[in-house]
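Participant: Take this structure, written in structure tokens, and hold onto it; I'll ask about it next.
We did not get these values from a lab; they are worked out from the coordinates using the rules stated. Every value quoted in this text rests on a predicted model; they were computed, and no experiment measured them. Cβ atoms come from the backbone with ideal geometry, glycine included; neighbour counts cover every protein chain shown.
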Amino acid sequence: MRLLSVVIITFNEERNLARCLASVQGVADDIVVVDSFSTDRTEAIAREHGARFVQHAFTGHIEQKNWAITQAEHPFILSLDADEALDETLRDAIMMAKQSDADGFTMNRLTNYCGSWIRHGGWYPDVKLRLWDSTKGRWTGINPHDRYEMIAGARIVHLGGDILHYSYYTRLDHYRQVEYFTTIAAKALKEKGKRAGWDKRWLSPVAKFIGAYFFQLGLLDGAEGLTIARISAYATWLKYEKLRELD
């Protein structure tokens, strides 16, 4: 059976961290919290739950997660965000995965939005590759949207159960995250030489709304589905508007 390290990056996550850490108790053989100098009770909560606590300056989501991997005691790693937790089915599946010889494991993520579980609009099943042999891959992507990429030929298996994602407690939380993420995304696009033409600024948001609300059936999530589609469209516009301002 392989030994498992759980790696979590944090910054001021006292609202979420205890739930995340409790969900991996009995599954993890090692838990490390890599923190970018929180000013709340994040450190105390981590230590109360038996996690190792390491501080490291934040230079980007991808960069921080790749550095965090180096702090794990074991190469077999489960990566979680502090606002995520394992459901019981996924806990059992991960215990079985520790006995498997597969290189990586995907799993579904189910998001809680302002108290409601969202199953449409492109938010579910939201498949994530979060459990892997860290010698066979690395975090890539464009900040803040990271993804784990494994080497060619790696064998990947899908696990049952869900990562429970407690994303936003209020709409204001959502708008704050949009403001934060779009700034990062615009700068990353600028560094890659991308431009924000009129089509990107005006057609992309419309396409985003129509896709999420109608084609991906966000309308079945009621008022929350409409809110998510509208804010997602706004975020798309804001990202390209900020990119335009960087020109």
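Participant: Using the Cα centre as the reference, give the magnitude of the dipole from point charges on the C-beta atoms of the stretch 171-246 (Lys, Arg: +1; Asp, Glu: -1; all else neutral), rounded to the nearest 20 debye.
Facilitator: 420 debye
Participant: Can you compute the charge dipole magnitude of the chain about its Cα centre, using +1 on each Lys and Arg Cβ and -1 on each Asp and Glu Cβ, nothing else charged? Give it in debye, rounded to the nearest 20.
Facilitator: 920 debye
Participant: Fewest to most neighbouring Cβ within 10 Å: what's the order for 21, 189, 131, 220?
Facilitator: 220, 189, 21, 131
Participant: Then there's this: Just for the chain, what percent of DSSP beta bridges are antiparallel, to the closest 5?
Facilitator: 45 percent
Participant: Which of 93, 44, 152 ends up with the largest GNM mean-square fluctuation for the chain, with Cα atoms connected below 10 Å?
Facilitator: 152
Participant: Follow-up question, since we're still on this one. Among 165, 158, 61, 49, which comes first, then next, by fewest other beta-carbon atoms within 10 Å?
Facilitator: 158, 49, 61, 165
Participant: Nearest 10 degrees is fine. How inclined is helix 88-97 to the longest principal axis of the chain, computing both from alpha carbons?
Facilitator: Here the helix axis deviates by roughly 60 degrees.
Participant: OK, next. Using a simple spin-label model with points 7 Å from Cα along the Cα→Cβ vector, what separation in nm is obtained for residue 73 and residue 226?
Facilitator: Roughly 5.2 nm, to one decimal.
Participant: Using the Cα gyration tensor of the stretch 93-214, with a ≥ b ≥ c the square roots of its eigenvalues, what is the shape: rounded (a/c below 1.5), prolate (a/b larger than b/c) or oblate (neither)?
Facilitator: Note, shape of the stretch 93-214 comes out oblate.
Participant: Say R0 is 35 Å: what FRET efficiency, to the nearest 0.05, do residue 3 and residue 171 get from their beta-carbon distance?
Facilitator: The computed FRET efficiency comes out at 0.25.
Participant: Taking the Cα centre of each part, how many Å lie between the stretch 21-48 and the stretch 201-217?
Facilitator: 38 Å
Participant: Give me the tail of P(r) for the chain as a percent: Cα-Cα pairs with distance above 35 Å.
Facilitator: That tail contains 16 percent of the Cα-Cα pairs.
Participant: Right, here's the next one. Under the √(5λ) rule applied to the eigenvalues of the Cα gyration tensor, what semi-axes describe the equivalent ellipsoid of the stretch 171-246? Give them in Å, descending.
Facilitator: So the equivalent ellipsoid measures 24, 14, 8 Å along its semi-axes.
Participant: Using the Karplus equation 6.51 cos²θ - 1.76 cosθ + 1.60 (θ = phi - 60°), what ³J(HN,Hα) coupling, rounded to whole Hz, does each residue of the stretch 235-247 give in order, writing x for Gly and Pro?
Facilitator: 5, 5, 4, 5, 4, 6, 5, 5, 5, 4, 5, 7, 5
Participant: Counting pairs on different chains as well as pairs 8 or more places apart, how many Lys pairs in the stretch 171-246 have Cα atoms under 13 Å apart?
Facilitator: Total qualifying Lys-Lys pairs in the stretch 171-246 comes to 10.
Participant: For the charge dipole of the chain, defined by +1 on Lys and Arg C-beta atoms and -1 on Asp and Glu C-beta atoms about the Cα centroid, which residue among 226, 11, 59 has the Cα displaced farthest towards the positive pole?
Facilitator: After comparing all options, I get 226.
Participant: Let me ask something additional. With point charges of +1 on the Cβ of Lys and Arg and -1 on the Cβ of Asp and Glu, referenced to the Cα centre of the stretch 159-247, which listed residue (212, 175, 198) lies farthest in the positive direction of the dipole?
Facilitator: 198
Participant: Work out, step by step, the length gained on full extension between residue 40 and residue 190: first 0.36 nm times the residue separation, then minus their alpha carbon distance; give nm to one decimal.
Facilitator: Full extension from residue 40 to residue 190 adds 50.7 nm.
Participant: In which sequence would 175, 240 go, from the one with the fewest C-beta neighbours within 10 Å to the one with the most?
Facilitator: Listed from fewest to most nearby Cβ atoms, that is 175, 240.
Participant: Where the centre of each part is set by its Cα atoms, how far does the stretch 64-120 sit from the stretch 142-165, in angstrom?
Facilitator: 9 Å
Participant: For the Cα atoms of the chain, what angle does the longest principal axis make with the long axis of helix 171-191, in degrees from 0 to 90, nearest 10?
Facilitator: That works out to roughly 90 degrees.
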